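Okay, structure first, notes after.
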Amino acid sequence: MTDNFSQHNHLQRLTAMGLLVTMGIVFGDIGTSPLYVMKAIMGVNPETTSDYVIGAVSCVIWTLTLQTTLKYVIIALRADNKGEGGILALYALLRKTGRRRLYIVAAIGAAALIADGVITPAITVTSAVEGLKDISSEIPVTPIVLLIITGIFMMQRAGTGRIGRMFGPFMLVWFTMLGVLGCMNIGSHADIFKAFNPVYALRLLIDYPGWFLVLGAVFLCTTGAEALYSDLGHCGRLNISVSWIFVKIMLILNYLGQGAWIISHQGTDMAGINPFYAMMPHGFTIVGVIMSTGAAIIASQALLSGSFTIFSEAVNLGLWPRMRINYPSTVKGQLYIPSVNRALFAGCIITILMFSTSSAMEAAYGLAITVTMLMTTLLLSCYLRTRGVNQWLTALFLIVFLSLETCFCVANLFKFAHGGWFTMLIAGLVAFVMLSWRKSTSIRNTFIEYRPISGYTDIIADIKSDTTIPKYASNVVYISRSPRSDMVESKVMYSIINKHPKRADHYWIVRLEHTDEPDTLEYSTETLLPDTLYCVHMRLGFRIFPRISLYLRQIIEDLVAEGRVDLRSGYPSLRKRDIAGDFSFIIIHRIFSQSSACSRSARRLMLLHGLLRHLGVSDETALGLDTSVVTVETVPLIINTHTPRRISHI
């Protein structure tokens, strides 16, 4: 574990290895955009002119400069939560300041990012494999794409620790290839350098009647910017910022080369032609397809890892039911969620079968991610204010990027009927679950009754010494989510005293607190009744999976070493042989009672909460408990928002 953290800290520093790894982890999505951006722009207006191409490339250059470089690399990367980035990490950072209603903005943005994660692997792999059409039009693209996508998703359960080391060097070669291919073609029409002048971009948007369609295509060049921010915790701000200089140069060179090639081939029928492959030297296409496919696989892997992280954060921030999370390797931050992997795989397969070609997928691509970027802009503006940034500068930031992203959003809305509805449907469903779960959980927590622990110490001591009560276990452990250390759920005490009196040697109340920091993992203990009743307070970051059995064992080992607890069994025959006592975990599961006197909306939310629970796993699995020593006790949750009518005596 120490080696992993030292390796992680090493990647946070500006080093040659850090830059190389960053290139493999962070820029896969945005680095594969040359595969389809210029093709999409040409699809808007196949009868191209020099001014149209120069204006379109100018739009690409300035979009990368304003949207990716200024907003994300220069501004957003500074909005880190203990080194972690992404829209949910940003929300967790703002939640500390009391702006808790921002969860709506965060949930919508995260849901749209998940929708983008469904279509990105499909469009990148399809665009790469379609290069085989330049070799032979008879090659079946869809079966090959389906095979590659299946391999990518099957690979997730085993982790990518070993092959991940190759991502950096491969992407270095990929970006170098992009730049070299661009330089080889820029000379065919040197006027393409005029694209650096933003006047050409503005002129295109003003003069061309289909400007909104052009913007929709241009926006595809920056879709990986949000993923760049999400990967902040893996590589650090300095490594991302410095490596972006090289990446941006290579990308722009490639876009300039594609633009020059298109202008030099004016009059040629561009239907079905991808300038990315068309500008390659004869005989190099097969190498280009192999490299493109490799880059597409790396981009897909980054999106999938990001999706797993988003769901993991959403669970601990109270936006999603708890799920089974696996850790396929010892690499810090790498996790695997089987249910999410299956859902994304199904989404990718449906996307490929529904749209077939990358050109058709372009119509569905981009709309959802504009929503994420708009939500990030809103959260960033709030963050800037909390950091004391001048209100006029904050207002300028908000106006500039809201205007820019609103234009992109409106442009992409024209894609809605042609496929944009698909990603928005996915985003809408995910957002609905997040918001419904957050609201229903909040209502449930409001009606959970807490009582002072101090009022029960005497009776617990009496139960322990009452030999007429059969011993339940040597150690009884209850999981509590009480907001205060001196309080506990009334149903916990009801379980010990009333439901089935539980005599034990030791009683453990384990309080869980999920913090707004990503990697917090710490505890404190309090002895409420010597050698009998203990309270353990665990503080877990929103990226930490609650392995309660493991952490409690470590804590008790510390207490035994300090001489504060005698863990030997209370049975004389076992105690004289120094055999440790057994443990029994008890989880209180509250089921909404139909006898509740509450509003219809609250009742619907409670019923919906019960349905949404099936998206997750059982409490014992979610908490990382050994199911062989767990007992789940079901109790009714009665919500009374108004006094029920009493029955009359006659």
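The values are calculated or read from the model by the stated rules, or taken from the named source; none is laboratory data. A quick note: this is a predicted structure, and the numbers were derived from the prediction, not measured. Glycine gets a Cβ as well: all are built from the backbone with ideal geometry, and neighbour counts include every protein chain shown. Quick note on the areas: whole protein, heavy atoms, side chains included, nothing else; ligands and nucleic acids left out. Shrake-Rupley method; radii C 1.70, N 1.55, O 1.52, S 1.80 Å.
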Margin query: If the reach is capped at under 21 angstrom between alpha carbons, list the lysines near LYS502, excluding any in the same chain fewer than eight residues apart.
Written below: LYS464, LYS471, LYS491
Notebook entry, point to check: Membrane-span-like helices in the chain: DSSP H runs reaching 20 Å or more (Cα, own axis), mean Kyte hydropathy at least 1.6?
Noted result: 103-129, 141-155, 167-186, 391-413
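Between THR621 and ILE286, what FRET efficiency comes out of the Förster formula 1/(1 + (r/R0)^6) with R0 = 45 Å and r the beta carbon distance, rounded to 0.05?
Values: r = 48 Å, r/R0 = 1.06.
Efficiency for this residue pair is about 0.40.
Among 476-489, 28-41, how do they line up from the highest to the lowest mean number of other beta-carbon atoms within 10 Å?
On the way: 476-489: 18.4, 28-41: 27.3.
Descending mean neighbour count gives 28-41, 476-489.
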Item checked: Gap separating the Cα centres of region 565-595 and region 246-289, nearest whole Å -> 68
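How much length is gained if the chain between TYR494 and ILE206 is pulled fully straight, taking 0.36 nm per residue apart and subtracting their Cα-Cα distance, in nm to one decimal?
Numbers: separation 288, 0.36 × 288 = 103.68 nm, distance 7.16 nm.
Using 0.36 nm per residue and subtracting the Cα-Cα distance, I get 96.5 nm.
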Notebook entry, point to check: Between LEU611 and THR49, what length in nm is gained on full extension when 0.36 nm per residue of separation is reduced by their alpha carbon distance?
Noted result: 196.7 nm
Notebook entry, point to check: How would THR634, THR377 line up by accessible area, probe 1.4 Å, largest first?
Noted result: THR634, THR377
Check: What nm value, rounded to one decimal, do you get for the distance between LEU402 and ILE249 when each label is placed 7 Å out toward the C-beta?
Finding: 3.8
Margin query: I'd like the distance between the alpha-carbon centres of region 81-126 and region 502-556, rounded to an integer number of Å.
Written below: 29
Next item on the list: Of the options PHE219, VAL536, ALA343, report the single residue whose Cα projects farthest towards the positive end of the charge dipole of the chain (beta-carbon charges: Lys, Arg +1; Asp, Glu -1).
Entry: VAL536
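If packing is taken as the average number of other Cβ atoms within 10 Å across a peptide's residues, how do 578-587, 103-112 rank, most packed first? Show your work: numbers first, answer last.
Numbers: 578-587: 17.7, 103-112: 25.2.
Peptide ranking by packing, descending: 103-112, 578-587.
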Check: Is any residue of region 335-375 close enough, with backbone N under 19 Å, to a label point placed 7 angstrom from the Cα of PHE416 along the Cα-Cβ axis, and if so, which?
Finding: 362-375
Notebook entry, point to check: Each label point is 7 Å from the Cα along the Cα-to-Cβ direction; what then is the distance between the points at GLU138 and ARG604, in nm?
Noted result: 5.9
Check: Once every DSSP H run of n ≥ 4 in the chain is given -39500 (n - 2.57) and the sum is divided by its residues, what mean residue ellipticity at 222 nm do you get, rounded to the nearest 500 deg cm²/dmol?
Finding: -17500 deg cm²/dmol
